[in-house]
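Derivation of every value follows stated rules applied to the coordinates shown; laboratory data play no part. Bear in mind the structure is a predicted one, so any value in this text is a computation, not a measurement. Neighbour counts run over all protein chains shown; Cβ positions are idealised from the backbone, glycine included.
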């Protein structure tokens, strides 16, 4: 276990933070037992940076990013995304906010099996009301950036795991969201493809008014992080430019 960070002086949310969490706790029920997965997380994610979230399986990483994206409600605490307290929004407002501002790349690709790669990548644009032909054209252009433009007309079942992952990445980036959240985006990719994906993430997702959070165990890409947060047993134990010794 690393040395716990002193968060006593953090106080209220920084209005310039892309994401701000204060006192975020998440409990789950397991029969009669209450299990606390996150213990009062105080954190500011800065725009213009690629932030890595690292930790052992079960440390709470996926729970934390799900809460920061408005997918999973915290038991206690406050979450602001670009100044909006997302858990003060109504259900439909929260859905609209996520659609307009957040791109997700999760371990489960969640591709629609009955439509081709380009149509899968175009889903966020169509959901925003873009005409289907234009949405598909933009989606194909994003697939080409990921070096799978030649797979645009194939169904997910006709693609390899790595190709499916890149379609999921294209879907997350195609609408140019302000926040991109990735859960192990390079896990199914070789070193060269992984670097290409990370370069694209930096190109599209890292800007003064955007932020990118990446959950990863891939030590091949740690050098690309602007900031590395280590989560242990539901607490942030390290916040720095490089991985601490012993990890």
If a/c stays under 1.5 just call it rounded; otherwise compare a/b with b/c (prolate if a/b is bigger, oblate if not). Do that for the range 113-175, with a ≥ b ≥ c from the square roots of the Cα gyration tensor eigenvalues. prolate
Please give the contour-minus-distance gain from residue 157 to residue 93: 0.36 nm per residue of separation, less the Cα-Cα distance, rounded to one decimal in nm. 19.7 nm
Compactness relative to 2.2 N^0.38 Å, alpha carbon Rg of the range 7-77: 1.17
Computed over the chain: longest principal axis from alpha-carbon atoms vs helix 161-173 long axis, angle to nearest 10 degrees, is 80 degrees
Could you pull out which residues in the range 53-73 have an amide N less than 17 Å from a spot 7 Å beyond the Cα of residue 187, following the Cα-Cβ vector? 53-67
Simple spin-label estimate for residue 133/residue 110, 7 Å along Cα→Cβ, in nm, reads 3.1 nm
Please work out the FRET efficiency for the pair residue 203 and residue 39, using the Cβ-Cβ distance as r and a Förster radius of 35 Å; give the result to the nearest 0.05. 0.50
How many angstrom lie between the C-alpha centres of the range 27-64 and the range 89-105? 20 Å
What ranking do 207-216, 194-203, 83-92 get when scored by the average of other Cβ atoms within 10 Å per residue, highest first? 207-216, 194-203, 83-92
Expressed as a whole-number percentage, the relative contact order of the chain with C-alpha contacts under 8 angstrom and at least six residues apart is 28 percent
Distance in nm between residue 75 and residue 144 label points, each 7 Å along Cα→Cβ, equals 5.1 nm
Relative to the first principal axis of the alpha-carbon coordinates of the chain, what is the inclination of helix 191-205, with its axis defined by its Cα atoms, in degrees from 0 to 90 and to the nearest 10? 80 degrees
Rule-of-thumb check for the chain: C-alpha Rg over 2.2 N^0.38 Å? 1.01
